[in-house]
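Participant: Here it is, the structure, as structure tokens.
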Amino acid sequence: MPDSGPVHIRHGSNIGQPQTRREGILKVTGAALYAADHHPPGMLHAAMAVSTIARGRVASLDLAAARAHPGVVEVMTPENAPRLAQHPDEINAPFTFKLDLLQDNGVRYPGQPIAVVIAETLEAATEGAALLRPTYESEPARVGLDGAEHFVPQAVGVGQEAEAGYGDVVAGLAAAQTRIEATYETPAQYHNPLEPHAVIAAWDGDSLTLDTPSQGFAMALGRIAGLFGIDPSKIHLRSPFLGGGFGCKGVIWSPQVLGIMAARIVGKPVKLVMRREQMFGPVGHRPPTRQTVRLGAEADGTLTAVHHHTLTASSTFDDFFEPAGGVSHTLYTTPALRTSYEAVRLDTGTPTFMRAPGEATGSAALESAIDELAVACGMDPLAFRLKNYAEAEPMSGRPFSSKALRECYAQGAARFGWAGRPPTPRQMRDDAGLLVGWGMGTATFPALVFQAEARAELRADGSATVEIGAMDMGQGALTALAQIAADGLALDVDRVEFRTGTSDLPNGGIAGGSAFTATAGSAIHNAGGEVIAQLAAIATADQRSPLYGAGNAGVAARNGRLHRRDDESRGETYAEILARAGRPMIESRGQASREPSAQERYAMHAHGAVFAEVKVDPLLGQIRVTRLVGAFAAGRIINPRLVESQYFGGMIWGVSFALHEKAVLDPQSGRPMNPNLGEYHVSLNADVPSLEAILVEEDDPYVNALGIKGVGEIGVTGTVAAIANAVWHATGTRLRSFPMTLDKLLDA
Ligand code: MOS
């Protein structure tokens, strides 16, 4: 029996190295072309007109005025918009949201597209859209978490139960020596990547070329193909660079499809770029939450019950329910646990996945509540957490595939200087008289793997090509994946051409859920491993090879050469093997994979601990974060420089969540009143504190072939509460409403 099994790969200079971004020079010199940078010949510009009411219908549009404007070519409204092969409210695939594509004149949220003006210039299209001056038949808007009737959703997140738990929470709380009940509010937030959604659509018969930023090519193709009644293979999507995603580019939203429809009716390529204020409506957001956490503990701090109730909001017409309770399923061991949800339907664009959906909001509440209970028990918050450390996942009872959270606590606390923290608040001041406070929070995020495929090709000269329809939102995935590609083939990274960024390459899966490097990386790793296995099978079966008879299990690959595992001197290069066999190349495909039995047996999560220092002006109430130390354990680290950067980014989101971000909705109209980056505050350079990220070692043999857990989103989890807990420690005031602005502190 010829042995064609895996060959031992001796890791070279690729995985684990702090390589700089491959596309860094392109980006800083402006040579990287983003979607809207393209200008195909004959291209026209499209501008959307969007609804200023929340609910009702468009009664009239001044089409004559718009059409008469110089340069305007066409105005697309429900009267002349192409009919679609599938109704945009039809949902027949996971991760699909209902769209607003001018199929009728109804309005179901503020900012909904109601017309598209197509013109020779951007200026003419924009002016044409302004000239439409819509009138409406308007109905009262349902705004805010108390704006409509509450109900229990059928499911939250991606199919999670809206009621879950075990044990008797009521009895557990009743039996507790100490208990707390606290309610935390988080506002609607909008993703706001620097690059707004944009599309350049060009039809050629039934074939469609698209430049549009996407976090998931195959899903985008499937959605668009369904709407236009064409085969996905007819669509060529290019998305080599994204100027940020944060979840809002995970699926195709209405504006991108409208750009494609516009190109169809004018018979020319069309560019549609969303204006910043248009980002606050039709492309998703993080919904508001009001979370009530009830906790009980025995005298020694042992938890007796955890109840985490979430009220959140979706749109009136579609379902996305922020799964904020999920963190309570994994973080602390407790004899009784319950998570529950209610929701309300509002006149808003449908919310969606945003920057650690569920875990960001949920950990803000749970980790604040844990701090409150620790204080009530008279215990140090870190000691309290260690007392209730989960050795197995509480909800499922499964052991963790790996969990180095203890080490995260220890290393983070040591680096931060946590041991010197006075237990009571208002004990520390700086030289300028500002109150200083220290707080901490636990970070956690699931370690997921989605489906993906990659192709690897090894050529006669010993060089290789690896192909995958992968995307880089700025997180550094392409660099990490190129390292994995080279490692999987046991080649130097310079010997591997790494091709990504377009939909004609093998399906790279979804850059989301912090699962992308694990997902695309597993596929790449497996494709390379299969190529090397084929190569070894050729050599070990050939009497002229020094590897003859060794069997694949007896062969190792290193730096473009196969050798006997028992004698490194006996071997030959890839090129020598292929030349003698007369093979111009070997190719293979690989799939992303996780051992199904491992999935059954283990709970898989990344963990971390975040320590925050804040300074608060006692007279003005101004809060600044001055220091953040995060220690995270996320399995194998492919590129420590880029992973540190991801942790920094997540912690900065945490500052932004804790102190800045909030969509202010007009209570009458439901319209966002601050739809711009001047008034929708995000953390800027001056707001970013001293940051430190500790990469805690963790070896996970189960999570996937490479032992990778995600690093993209975990940084925000834990950070929000760490800052809130530090504010309490500085001031003695508990702020339970985010963002924590100075008015709330002064009013408290
Ligand atoms: Mo992320 S919210 O899965 O892009």
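Participant: Assuming R0 = 45 Å, what is the FRET efficiency of Asp617 and Glu163, from their Cβ-Cβ distance, to the nearest 0.05?
Facilitator: The pair Asp617/Glu163 has a calculated efficiency of 0.55.
Participant: Based on the Cα gyration tensor of the stretch 232-372, what are the three equivalent ellipsoid semi-axes, each the root of five times an eigenvalue, rounded to whole Å and given largest first? Before the final figure, lay out each step's value.
Facilitator: Numbers: eigenvalues 346, 46, 28 Å².
With the √(5λ) rule applied to the stretch 232-372, the semi-axes are 42, 15, 12 Å.
Participant: If you don't mind, there's one more thing I want to ask. Could you give the size of the charge dipole of the stretch 644-748 about its Cα centre, using +1 on the Cβ of each K and R and -1 on the Cβ of each D and E, expressed in debye and rounded to the nearest 20?
Facilitator: Magnitude of the dipole: close to 500 debye.
Participant: Here is a further query. Any idea how far apart Ala155 and Leu26 come out in nm if each label point goes 7 Å out from Cα toward Cβ?
Facilitator: The answer from the label model is 3.7 nm.
Participant: Given a Förster distance of 60 Å, report the FRET efficiency between Thr424 and Arg275 from their Cβ-Cβ distance, rounded to the nearest 0.05.
Facilitator: Computed FRET efficiency for Thr424 and Arg275: 0.75.
Participant: Within the stretch 573-595, name every residue whose backbone N is under 20 Å away from a label modeled 7 Å from Cα of Arg558 along the Cβ vector.
Facilitator: Answer for this model: 573-577.
Participant: Which value results when the Cα radius of gyration for the stretch 1-65 is divided by 2.2 N^0.38 Å?
Facilitator: Normalised Cα radius of gyration, the stretch 1-65: 2.50.
Participant: Given a 1.4 Å probe, how much area per residue of the stretch 344-465 is accessible, in Å²?
Facilitator: 33
Participant: Further question: Count charges around Ala155 for me, please; just the other residues with Cβ under 11 Å from its Cβ, Lys/Arg as +1, Asp/Glu as -1.
Facilitator: Working: positive: none; negative: Glu161, Glu163, Asp319.
So the surrounding residues net to -3.
Participant: Sticking with this one: What is the stretch 1-121 by shape, rounded, prolate or oblate, if you read a ≥ b ≥ c off the alpha carbon gyration tensor as root eigenvalues and call it rounded for a/c under 1.5, prolate for a/b larger than b/c, and oblate otherwise?
Facilitator: In terms of gyration-tensor shape, prolate.
Participant: Okay, next question. Taking the Cα-to-Cβ direction at Gln17 and at Ser60 and moving 7 Å from each Cα, how far apart do the two end points lie in nm?
Facilitator: Going from the Gln17 label point to the Ser60 one covers 6.9 nm.
Participant: Another question, then. What lysines does Lys662 reach when the alpha-carbon gap must be under 21 Å and sequence neighbours fewer than 8 apart in one chain are set aside?
Facilitator: The reachable lysines, counting only those whose Cα sits under 21 Å from Lys662, are Lys249, Lys744.
Participant: How much length would be gained if the chain were fully extended between Thr465 and Ile91, taking 0.36 nm per residue of separation minus their Cα-Cα distance, in nm to one decimal?
Facilitator: Details: separation 374, 0.36 × 374 = 134.64 nm, distance 3.74 nm.
The Thr465-Ile91 span can extend by a further 130.9 nm.
Participant: Which value in deg cm²/dmol, rounded to the nearest 500, describes the helix-derived mean residue ellipticity at 222 nm for the chain, given -39,500 (n - 2.57) per DSSP H run of n ≥ 4 and division by the residue count?
Facilitator: On the way: 17 runs with 180 residues, N = 748.
My calculation for the chain gives -7000 deg cm²/dmol from helical runs alone.
Participant: Work out how far the C-alpha atoms of the stretch 159-277 reach from end to end along every principal axis, then list the three figures in whole Å, largest first.
Facilitator: That gives 72, 30, 24 Å along the principal axes, largest extent first.
Participant: When only C-alpha pairs under 8 Å and at least 6 residues apart count, what is the relative contact order of the stretch 126-273, in percent? Before the final figure, lay out the partial values.
Facilitator: Numbers: 150 pairs, mean separation 34.6, N = 148.
Answer for the stretch 126-273 is 23 percent.
Participant: Using the per-residue mean of other Cβ atoms lying within 10 Å as a proxy for protection, in what order, highest first, do the peptides 152-162, 331-341, 242-252, 223-233 fall? Walk me through the numbers before you get to the answer.
Facilitator: Numbers: 152-162: 15.5, 331-341: 22.4, 242-252: 24.1, 223-233: 17.5.
With the highest mean Cβ count within 10 Å placed first, the list reads 242-252, 331-341, 223-233, 152-162.
Participant: State whether the chain is rounded, prolate or oblate according to the following rule on the C-alpha gyration tensor (a ≥ b ≥ c being the square roots of its eigenvalues): a/c under 1.5 gives rounded; otherwise a/b larger than b/c gives prolate, and the remaining case gives oblate. Can you show the working numbers first?
Facilitator: Values: a/c = 1.91, a/b = 1.07, b/c = 1.79.
The shape class here is oblate.
Participant: I'd like the distance between the alpha-carbon centres of the stretch 5-21 and the stretch 436-476, rounded to an integer number of Å.
Facilitator: Here the two parts' Cα centres lie 14 Å apart.
Participant: So if I place +1 on the C-beta of Lys and Arg and -1 on the C-beta of Asp and Glu, and nothing else carries charge, what would the dipole magnitude of the chain be about its Cα centre? I want it in debye, nearest 20.
Facilitator: Numbers: 63 positive and 80 negative charges, 121 e Å.
In debye, rounded to 20, the chain gives about 580.
Participant: Moving on to the next point. Glu120 to Asp146: extension gain in nm, 0.36 nm per residue of separation minus the Cα-Cα distance?
Facilitator: On the way: separation 26, 0.36 × 26 = 9.36 nm, distance 4.57 nm.
Length gained, Glu120 through Asp146: 4.8 nm.
Participant: While we're looking at this one, here's another question. Counting only C-alpha contacts under 8 Å and six or more residues apart, can you give the relative contact order of the stretch 1-143 as a whole percent?
Facilitator: 37
Participant: Right, next: Among Gly362, Thr517, Leu122, whose Cα sits farthest toward the positive end of the charge dipole of the chain (+1 at Cβ of Lys/Arg, -1 at Cβ of Asp/Glu, about the Cα centre)?
Facilitator: The residue sitting farthest along the positive end of the dipole is Thr517.
Participant: Is any helix in the chain, taking whole DSSP H runs, at least 27 angstrom long along its axis by alpha carbon and on average at least 0.0 on the Kyte-Doolittle scale, and which ones? Please list the in-between numbers first.
Facilitator: Numbers: long enough: 516-540 (35 Å, 0.84).
Flagged H segments are 516-540.
Participant: Oh, and also: Starting from the Cα-Cα distance between Met43 and Arg580, subtract it from 0.36 nm times their residue separation and give me the gain in nm to one decimal.
Facilitator: Full extension of this stretch gives 188.1 nm more.
Participant: Let me ask another. Out of Val727, Ala658, Met673, whose Cα points farthest toward the positive end of the dipole of the stretch 631-748 (charges: +1 Lys, Arg; -1 Asp, Glu; placed on Cβ)?
Facilitator: My answer, from the dipole projection, is Met673.
Participant: In whole percent, and with a 1.4 Å probe on the protein chains, what portion of the accessible area of the chain is carbon and sulfur? Walk me through the numbers on the way to the answer.
Facilitator: On the way: 13900 of 27280 Å².
In the chain, the share of accessible area belonging to carbon and sulfur is 51 percent.
Participant: Work through the residues other than Ile118 whose Cβ is under 12 Å from its Cβ and net out their charges, Lys, Arg +1 and Asp, Glu -1.
Facilitator: Summing Lys and Arg as +1 and Asp and Glu as -1 gives +2.
The values are calculated or read from the model by the stated rules, or taken from the named source; none is laboratory data. Here the structure is a predicted model, which means the values were calculated and not measured. Neighbour counts are summed over all protein chains in view; Cβ atoms, including those assigned to glycine, are modelled from backbone coordinates with ideal geometry. These accessible areas exclude ligands, DNA and RNA; they are computed on the full protein's heavy atoms, side chains included. Shrake-Rupley method; radii C 1.70, N 1.55, O 1.52, S 1.80 Å.
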